[in-house]
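Colleague: Please see the structure below; I have some questions.
What follows is calculated from the coordinates using simple rules that are stated; it is not laboratory data. Just so it is clear, the structure is predicted and the values come from calculations on it, not from any experiment. Heads up, the Cβs are rebuilt from the backbone with ideal geometry, glycines too, and the neighbour counts pull from every protein chain shown.
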Amino acid sequence: MVPLSHYLALSVILFVLGAAGFIFRRNIITVFMCIELMLNAVNLAFMAFSRFLENLDGQIFVFFVIVVAAAEAAVGLAIIIALHRNRESLNIEDVDSMKM
Amino acid sequence: MTILFYIAAAVTVLAALNMVLQRTPVYSALSLIVVLCSLAVVYLLLGAEFMAVIQVIVYAGAIMVLFVFVIMLLNAGHEAPSHRSRLTKWLGAPIIGALLVEMLMVIWDQFPPTSAASPPHLDGSPAAIGHLLFRNYVLPFEVTSILILVAVLGAVVLAKKEL
């Protein structure tokens with residue numbers, strides 16, 4: 001039987017990979033996909049705890065996280081489309097008009 | 001059965017690594033689809049068959065399709081080389097490594113791999129999830145329907161050419 005710490009270790013590895021990609025990548029869409037990876041890592045942690053604490057509420061929470069991620073992806077991608085229309089670039093280093 | 005978890009975990013980590021390291025966004029999107037499907041396998045091994053299927057249908061089948069559509073619409077090619085200094089790159093990798101090691105140590109301390117028996121079977125069928133969803137969590141369920149409506153309206157308005 002796989003112990004709980006192995007599921008959590010997988011979740012942590014995925015989360016740190018997503019966070020690293022979020023910080024270091026420059027393409028807006030790749031940054032957005034790293035956000036989705038972080039959300040999935042958290043979903044995995046919820047599912048593992050739901051199983052090991054024998055409580056189905058964790059899976060309900062994962063359900064709502066998936067729904068909110070879908071809504072956020074739709075709005076975020078619409079923002080990216082509007083940004084691309086205005087600047088013709090998908091590089092986050094070009095979106096710096098609020099930088100000092 | 002346990003070996004299946006380690007295979008799925010290895011596939012997940014390799015695909016996530018590929019997603020973060022690829023230069024082209026389309027390859028990153030395809031790698032993320034692989035991550036989502038192997039996570040669905042892990043959910044199945046946890047006994048959560050409803051959530052595994054939801055993950056494949058909604059996350060891999062709708063959200064990632066939306067991503068690929070937008071990538072193709074915006075013609076996102078390769079990523080340009082960075083203007084940042086070398087220092088940030090050389091400083092960033094050890095910090096990420098330190099974060100990873102620290103979180104793994106916390107898990108190792110808090111959840112030692114005891115030789116406990118496997119937890120009893122958790123019913124992850126749609127009926128069980130439906131019992132919870134439509135009784136205890138009916139208010140968040142209805143609110144998410146409003147959330148999705150607002151998200152759709154917002155996406156249409158934001159992506160329009162002229163308001």
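Colleague: Through the Karplus equation 6.51 cos²θ - 1.76 cosθ + 1.60, θ set to phi - 60°, convert the phi angles of region A:58-69 into ³J(HN,Hα) values in whole Hz; use x for Gly and Pro.
Modeller: Per residue, the Karplus-derived 3J(HN,Hα) values read x, 6, 4, 5, 4, 4, 5, 4, 5, 5, 5, 5 Hz.
Colleague: Still on this structure, I have one more. With the dipole of the protein assembly as shown worked out from charges on the C-beta (+1 for Lys and Arg, -1 for Asp and Glu) around the Cα centre, which of B:Pro112, A:Phe61, B:Tyr27 lies farthest toward the positive end?
Modeller: About the Cα centre, the residue reaching furthest to the positive side is B:Tyr27.
Colleague: What share of all Cα pairs of region B:1-77, in percent, falls into each consecutive 5 Å distance bin?
Modeller: All Cα pairs considered, the percentages come to 3, 17, 22, 22, 18, 10, 5, 2, 0.
Colleague: If you stretched the chain out fully between B:Val152 and B:Val106, how much longer would it get, using 0.36 nm times the residue separation minus the C-alpha to C-alpha distance?
Modeller: Gain in length upon complete extension: 12.6 nm.
Colleague: Can you divide the C-alpha Rg of region A:26-92 by 2.2 N^0.38 Å and report the result to two decimal places?
Modeller: It is 1.44.
Colleague: Efficiency by 1/(1 + (r/R0)^6): what FRET value for B:Leu139 and A:Glu54, r their Cβ-Cβ distance, R0 = 41 Å, to the nearest 0.05? Spell out each step's value before the answer.
Modeller: On the way: r = 24 Å, r/R0 = 0.59.
Efficiency at R0 = 41 Å is approximately 0.95.
Colleague: Give the shape of chain B as rounded, prolate or oblate, defined through the alpha-carbon gyration tensor: a ≥ b ≥ c are the square roots of its eigenvalues, a/c under 1.5 means rounded, and otherwise the shape is prolate if a/b is larger than b/c and oblate if not.
Modeller: Oblate shape, in that a/c is at least 1.5 and b/c is the bigger or equal ratio.
Colleague: Over chain A, what relative contact order in percent results from Cα pairs under 8 Å that are six or more residues apart?
Modeller: In percent, rounded to a whole number, it is 28.
Colleague: Moving on to the next point. Any chance you could run the full-extension gain for B:Val26 through B:Ser118? It's 0.36 nm times the residue separation minus the Cα-Cα distance, nm to one decimal. Don't skip to the end; give the middle numbers.
Modeller: On the way: separation 92, 0.36 × 92 = 33.12 nm, distance 4.02 nm.
Result for the pair: 29.1 nm of gain on full extension.
Colleague: Per-residue ellipticity at 222 nm for the protein assembly as shown, helices alone: DSSP H runs ≥ 4 residues times -39500 (n - 2.57), over residue total, nearest 500 deg cm²/dmol?
Modeller: -25000 deg cm²/dmol
Colleague: While we're looking at this one, here's another question. Using Cα atoms only, what is the angle between the long axis of helix A:28-52 and the major principal axis of chain A, expressed in degrees (0 to 90) to the nearest 10?
Modeller: Long axis of A:28-52 versus the principal axis of chain A: about 10 degrees.
Colleague: Could you please rank B:Thr144, B:Thr2, A:Thr30, placing first whichever residue has the fewest other Cβ atoms within 10 Å of its Cβ?
Modeller: Final ranking by Cβ density, sparse to dense: B:Thr2, B:Thr144, A:Thr30.
Colleague: Tell me which of B:Ala16, B:Ile57, B:Leu87 sits at the most positive position along the dipole axis of region B:1-128, charges placed on C-beta atoms (Lys, Arg +1; Asp, Glu -1).
Modeller: B:Leu87
Colleague: Which value, in debye to the nearest 20, gives the size of the charge dipole of chain B about its Cα centre, when Lys and Arg are +1 and Asp and Glu are -1 at the Cβ?
Modeller: Magnitude of the dipole: close to 580 debye.
Colleague: Something else about it: Normalised by the residues of region B:1-77, what does the relative contact order come to in percent, with Cα pairs under 8 Å and at least six apart?
Modeller: Relative contact order for region B:1-77 comes out at 31 percent.
Colleague: Run a plain Debye calculation on the protein assembly as shown (Cα atoms as equal point scatterers, no solvent) and give log10 I(q)/I(0) at q = 0.08, 0.09, 0.10, 0.16 Å⁻¹, rounded to two decimals, same order as the q list.
Modeller: For the protein assembly as shown, the Cα-only Debye profile gives -0.35, -0.45, -0.55, -1.26.
Colleague: Turning to a different aspect of this structure: Give, rounded to the nearest 20 debye, the magnitude of the charge dipole that chain A has about its Cα centre when Lys and Arg contribute +1 at Cβ and Asp and Glu contribute -1 at Cβ.
Modeller: So the magnitude is around 160 debye.
Colleague: Mind checking B:10-23 for the average number of partner chain beta-carbons within 10 Å of each residue's beta-carbon?
Modeller: Average neighbour count from other chains, rounded to a whole number: 5.
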